[in-house]
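Q: One structure coming up, written as structure tokens, with questions to follow.
Just so it is clear, none of the values below were taken in a lab; they were calculated from the coordinates. Only a predicted model underlies this, so the values are computations on that prediction, with no experimental measurement involved. Cβ coordinates were reconstructed from backbone atoms using ideal geometry, including for glycine residues, and neighbour counts include every protein chain displayed.
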Amino acid sequence: MDQILASYFQDFREKNDYLDEKDSVAFEHFVSYSVLRRELRPPYEFELEDVSCGESAGIDGIATLINDRFTPSVESASEFNGMRLDVRFFFIQAKQSPKFDQGDMLKFFSAVHRFFTEKILVKADDNSLRWHELKNTIYTQAFRFSKNPSLDLYYVTAGKWVNDPLLTAEIDSITKKLESLALFSQVTITPIDGDALKKIYQRFLVGVSSQITFDKHTIVPKIDGVKQAFLGILPIKDYLRLISDDAGEILRNVFYDNVRDFQGDNPVNLEITETLVDDPLGGQRFVLLNNGVTIVAKSIKQTGTEFVINDFQVVNGCQTSYVLHKNQSQLKGSEYITLKLIDTDDVDIANSITKATNRQTTVTLEAYASLQQFHKELEVFYASFPKDMRLYYERRSGQFDRDKAVNRQLVVTVPLQIKSFVSIFLQEPHRIHYYYGQLLRDYSEGKTKKIFAEHHSPFPYYLSSWLVVCMFRAMRRIPEIPQIWRYHLVLLVRILEGGFFGAGGLADRNYSESYSKSLMKRLESEDLQSRALHRAWSVINNALQDEKLKGYAATRSAAFTETLIKNAQRLLASQTKGKSAPPAAIKYDGNFVGVISAVVTEQQFGYIKYGQQSFRFDFSAEGAFSDADIGKKVRFRLESKPQTTDAVGVEKLSLEK
């Protein structure tokens, strides 16, 4: 690869902690990251380990978008139950070679064809099988398609594409072969060479910057916190150039702060289309009938009527923008759109503008999540740690992309924070396959808010992220541990190395701080982290020997997670005997009175505190234990069983705490 591409590749490796990875594997990740970041709308919640196909022959990366959202599993696809489906499949093959090899391309095309024609994949890793399962599930819901799924194939090399007749003929041939399956509305095969790859990655480094001629504008009087602001009208064709890339494709990432993704052909958007296309005077009147768009930029340079807009977001007008882009061939050139252009780098002002300009229709809970006060305080809390412990909480997607001093592996996005906390402190790693917005709703509804609650200490959130960052790094040094277990492993590391964490600890800053610092001290070196991972993996590996479920299916089982937690707790009890065992005054057999210290209703278990010791107990749905019982007295029985301190026969004694 040439010197510039090599520097971008090195930048990616440094920021994403792939310096010790093989060149070929790191390049596959580099290509997948670049291609998908261009196609996805933020927040970019995909993890490269989910996209990668490992040693699967012919394919390096697979991704599926449903309704413009990265959807990596059957569970995450359940978010769209009852909706119309707009599906896009992506397949990626990356080669560092200086040319496009016909044999390698044919191998890639054949692998994709097999993926869609074979009922069962052979010689496939867990990720490939997961994508295949998702594909099968999607096609069972074909009656909900707004149109057949589209298929995009990307063959990427560091060489130069010269439109070789043999290769273009090969592309035409496989395109027709895939189209003949009648599974797709469109098949697109895109060869990406070194020059194209540089342009894609460069946009992530410098941000979105565009220039427009904005002659029909007026200046808004000075506002505190706003450097400058303008109101006016702009030719729609000029606006579309502002929000499109060099190939004319819409820039999905400039609509993140709009909070609502494109809603497709809903009644409002169909009305916009009818006004623009079907009404003879619609184009002329569009500027009067439409609310227009609002753009917030971090900097605007004005020279007369020429405006250079840097690092901007379209915070209101996503629906209008997509409809205009879709129907741009119908434009005559005389149509205008109202534009509100705001220059500010004050995050709070930008957030207030986002909220104020998105009141027209219902907005999902996850859309506003990062704008809440708790997240602002969490960002400040993360930044309060010394440099050697520093993580970066990314409230606004991409805010650290162009900071060369920040390693991307130290950046914690809102989706990653949710998955980490749910896995490690709510002890449900089997649920990370769901869309993060679904998790947020599940744990935010009802009387008891279980995540991002105002009374929660920030320490468990930081600790869960710190553990994920450190353990994921350590896992790269231990290839024999499958990546599909990474969230289960981190939960087990927390239990085995940190011990019991009381439910009340989430609101107790002092307790959380002491617990967090103690655990981080126990895992301060790479050797200690690797040792902890091997210990955690032994718990999973041993349980898998007796488990009918294997591989990816086991990672989704709540019952299997519960088995792992019990086994880890028993292993911890056996290895710390004499240190945290019941005091001598407690006979191992007999009846005792203690206090409920924690209840996990979803998994039907809790803890009883007796003196300095905590005893685990299981209860059925009929037992009616809940968070409301924490602090209440109970009678329980301990029975002599090897390597266990489980309580049985738990009975409430009083309603008083």
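Q: Please go through the range 189-221 and write out the trypsin sites (Lys or Arg not before Pro) that DSSP classes as loop and that have at most 16 other C-beta atoms within 10 Å. Don't skip to the end; give the middle numbers.
A: On the way: sites: 198, 199, 203, 216; in loops: 216.
The qualifying sites are 216.
Q: Another question, if that's okay. In this model, which of 301/340; 15/387; 99/199; 298/450 are farther than 23 Å apart at the alpha-carbon? Before the final figure, lay out each step's value.
A: Values: 301/340 15 Å; 15/387 16 Å; 99/199 18 Å; 298/450 35 Å.
The answer is 298/450.
Q: Now a separate question. Simple spin-label model, 7 Å along Cα-to-Cβ: residue 377 to residue 199 in nm?
A: 4.7 nm
Q: List the residues whose amide H sits under 5 Å from the amide H of residue 85, counting only those 5 or more places along or on another chain, with H placed 1.01 Å from N in the peptide plane.
A: 145, 146
Q: Distance check, please: which entries in 95/404; 135/237; 198/227; 95/548 exceed 28 angstrom between their Cα atoms? Intermediate results must be reported in sequence, preceding the final value.
A: Numbers: 95/404 26 Å; 135/237 38 Å; 198/227 33 Å; 95/548 38 Å.
From the list (95/404; 135/237; 198/227; 95/548), the Cα-Cα distance tops 28 Å for 135/237; 198/227; 95/548.
Q: Using the alpha-carbon centroid of each, what span in Å lies between the range 509-553 and the range 142-163?
A: For the range 509-553 versus the range 142-163, the Cα centre distance is 40 Å.
Q: For the range 289-303, just list the computed ³J(HN,Hα) in residue order, Karplus coefficients 6.51, -1.76 and 1.60, θ = phi - 60°, integers in Hz, with x standing in for Gly and Pro.
A: For the range 289-303, the Karplus curve yields 8, 9, 6, x, 10, 10, 10, 10, 10, 7, 7, 10, 10, 10, 10 Hz.
Q: Compare the peptides 557-569, 11-23 by average per-residue count of other Cβ atoms within 10 angstrom and give them in order, highest first.
A: On the way: 557-569: 18.7, 11-23: 15.5.
Put in order of decreasing packing, that is 557-569, 11-23.
Q: Still on this structure, I have one more. Which whole-number percent is the relative contact order of the range 3-205 (Cα, under 8 Å, 6+ apart)? Show your work: numbers first, answer last.
A: Working: 279 pairs, mean separation 49.2, N = 203.
24 percent.
Q: Using a cut-off of 14 Å between alpha-carbon atoms, which aspartates and glutamates can reach residue 107, once sequence neighbours fewer than 8 places away in the same chain are excluded?
A: 55, 60, 170
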